[in-house]
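The values are calculated or read from the model by the stated rules, or taken from the named source; none is laboratory data. No experiment lies behind these values; they were computed from the predicted model shown. Here the Cβ is made from the backbone with ideal geometry for all residues, glycine too, and neighbour counts use every protein chain on show. The accessibility values were calculated without ligands, DNA or RNA, using every heavy atom of the protein model including side chains. Shrake-Rupley method; radii C 1.70, N 1.55, O 1.52, S 1.80 Å.
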Amino acid sequence: MLLENKVVVVTGGSRGIGRAIALASAREGADVAINYWRDNDSAYGKASAVESIVGEIEALGRRTIAIEGNVAERETGIELIQRTVDAFGRVDVLSSNAGICPFHAFLDMPASVYESTVAVNLNGAFYVTQAAANQMKAQGTGGAIVATSSISALVGGGMQTHYTPTKAGVHSLMQSCAIALGPYGIRCNSVMPGTIATDLNADDLSDADKRAYMEKRIPLGRLGAPDDVAQCVVFLASDRARYVTGASLLVDGGLFVNLQ
Ligand code: RM4
């Protein structure tokens, strides 16, 4: 198992890609601390999203805790790391994954939509990375940080003018942190998912024409599933990637290169 007895922290871990990362980590032998926000839907059956992921991880025989908090607040990251250490004694891996994408046109985008997107996606990644890195440095045995960037770090989106800069920012954050944290044996990388079917884009992809268009653009012929990304996060978090830092891995079925 690739993460045997490691302690993995996942932000935005109750739904979408983060949920798959939490689950894949537990399957690879890790204990998992999950940050989530406003768990008030029942998309996962009777249990709420967070109750159901906690149940699934425990069923795998791994330990888990779930802590609510908005990563846009610096204290959320600090508390998340502290409570993980209280529960499991250490932090080996951070998956900085929490993100929002309220699709909106540019010219009339309210400042609140822009600012909350930057606050969650970019400030949130910064604060939790800083908190986790300080803990890893104190432990003295290195660590791995994997941020969920996006294909949107590399290409634009007319309805994502607030979002794409945050994903370029997350990518850049990992590059700079790779330098800042390399001396402590802390590796920093990002994954760049393409179009992965999750709650985040359910509305956008409910437009049948848009969905069919995206599928047609993807050489592998299908939208991504959250676990397609999670497997790559596990790899980057694991010792298999021991000499990989400051890198980004597109996980997009070939979407990015499909121009001509
Ligand atoms: C992306 C990319 C995808 C979209 C998500 C929400 O990173 O634009 O196509 O589904 O954002």
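With r defined as the distance between the Cβ atoms of Ala105 and Glu75 and R0 fixed at 35 Å, what FRET efficiency is calculated, to the nearest 0.05? That pair, Ala105 with Glu75, gives E of 0.55.
Note on the chain: dipole from Cβ charges, positive end direction compared against Ala230, Tyr243, Ile67; the farthest Cα belongs to Tyr243. Taking all protein chains together and rolling a 1.4 Å probe, Val257 ends up with roughly 110 Å² accessible. Each Lys and Arg Cβ is given +1 and each Asp and Glu Cβ -1; about its Cα centre, the stretch 7-251 then shows a dipole of about 700 debye. State which stretch of the chain is the longest one without any exposed trypsin sites (Lys or Arg not before Pro), exposure meaning a DSSP loop state and at most 12 other Cβ atoms within 10 Å. That gives 47-221 as the longest site-free run.
If you build the convex hull over the alpha carbons only and average its shadow over all orientations, what do you get for the stretch 7-251? Give it in nm² to one decimal. Please list the in-between numbers first.
Numbers: hull surface 51.5 nm².
The orientation-averaged projected area of the Cα hull of the stretch 7-251 comes to 12.9 nm².
For the chain, the share of accessible area belonging to carbon and sulfur comes to 52 percent (1.4 Å probe, ligands and nucleic acids excluded). Label-point separation (nm) for Ala212 and Asn258, each offset 7 Å from Cα along Cα-to-Cβ? Inter-label distance under the simple model: 1.5 nm. Computed over the chain with a Gaussian network model linking Cα atoms closer than 10 Å, the most mobile of Ile21, Ile100, Ile34 is Ile100.
GNM on the chain, alpha-carbon springs under 10 angstrom: the most fluctuating residue among Leu205, Leu181, Leu122 is Leu205. Between the helical axis of 208-217 and the longest alpha-carbon principal axis of the chain there is an angle of about 70 degrees. Unpaired Cys in the chain, meaning no second Cys C-beta under 4.7 Å: Cys101, Cys232.
For the chain, the longest piece that avoids every one of the GluC sites (Glu not before Pro) found in DSSP loops with at most 16 other C-beta atoms within 10 Å covers 74-260. The angle between the Cα long axis of helix 226-237 and the longest principal axis of the Cα atoms of the chain comes to about 40 degrees, rounded to the nearest 10.
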